[in-house]
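Only one structure is covered here, and it is reproduced in the block below.
The values are calculated or read from the model by the stated rules, or taken from the named source; none is laboratory data. As the structure is a computational prediction, the values presented were derived from the model and not from experiment. All Cβ positions, glycine included, derive from the backbone under ideal geometry; neighbour counts span all protein chains shown.
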């Protein structure tokens, strides 16, 4: 796909971008919004190396130069809006989209999107957020296939809330969670660990049943 060479190209642009934002922090939020918006916009997502760019910007937040909470809010808004516009475009222009020449040359993208929905249903929107090819077509397919708007928006915004901070600063989030857990009584920490394990087992079994 186009993404791999594009990411290699943009790695050279990360350092100047982060240097600029370190001294012009007022632009960090809008830039994160734009990156997340384009990364969540159907088709356009294939050309946006958001992971490289957001990791670079998130490094400034980890170093305390930018506010992670503020960046996350900007990013969540952009990610949610990108999926939303893609969904509405798919819902209103289904016939034209299926005949779009760029997609016609890449039938595997549509095939993967259909497989997502066959396996996960509305949860494909949430899962697709975390899979590169999924972000390219899944929100648009949700519209063309007539996924219920309420289910779409629930999966869209919940996934944006989880996805954005994880891309911006996974190390900082992990350190923050670890520090908060250390403050809890040992019995409560054990209960949380058991609960997380149980959820993981249930999710794994649900995944196996859908295969």
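The set of residues in the range 128-166 that are in a helix (DSSP H, G or I), at pLDDT 80 or above and farther than 18 Å from residue 75 by Cα comprises 137, 138, 140, 141, 142, 143, 144, 149, 150, 151, 152. Remark: residue 126 falls outside the filter, which requires a residue to be over 15 Å from residue 84 (Cα atoms), buried (at least 18 other Cβ atoms within 10 Å of the Cβ) and either in contact with a strand residue (DSSP E or B) (Cβ under 9 Å, 6 or more places away or on another chain) or assigned by TED's automatic domain parsing to the domain that holds residue 37 (or both). Whether any residue in the range 155-162 is touching a residue at least 24 places away in the same chain (Cβ under 8 Å) and over 20 Å from residue 70 (Cα atoms) is what I want to check. Yes, there is a match, as at least one residue in the range 155-162 is touching a residue at least 24 places away in the same chain (Cβ under 8 Å) and over 20 Å from residue 70 (Cα atoms).
Do we find a residue being at pLDDT 90 or above, out of contact with any strand residue (DSSP E or B) (no Cβ under 7 Å at 6 or more places or on another chain) and farther than 30 Å from residue 152 by Cβ anywhere in the range 7-22? Before you say what the answer is, go through the steps one by one.
Taking the range 7-22 as the starting set, the residues that turn out to be at pLDDT 90 or above are none.
No, the range 7-22 has no match at all.
Selection of the range 45-78 for residues being in contact with a helix residue (DSSP H, G or I) (Cβ under 8 Å, 6 or more places away or on another chain) and outside any helix (DSSP H, G or I) yields 48, 49, 65, 66, 67. Only a single item in (1) assigned to a helix (DSSP H, G or I); (2) in contact (Cβ under 8 Å) with a residue 60 or more places away in the chain is not met by residue 81, and it is number (2). All of (1) under 16 Å from the mean Cα position of the chain (by Cα); (2) within 17 Å of residue 80 (Cβ to Cβ) hold for residue 49 with one exception: (2).
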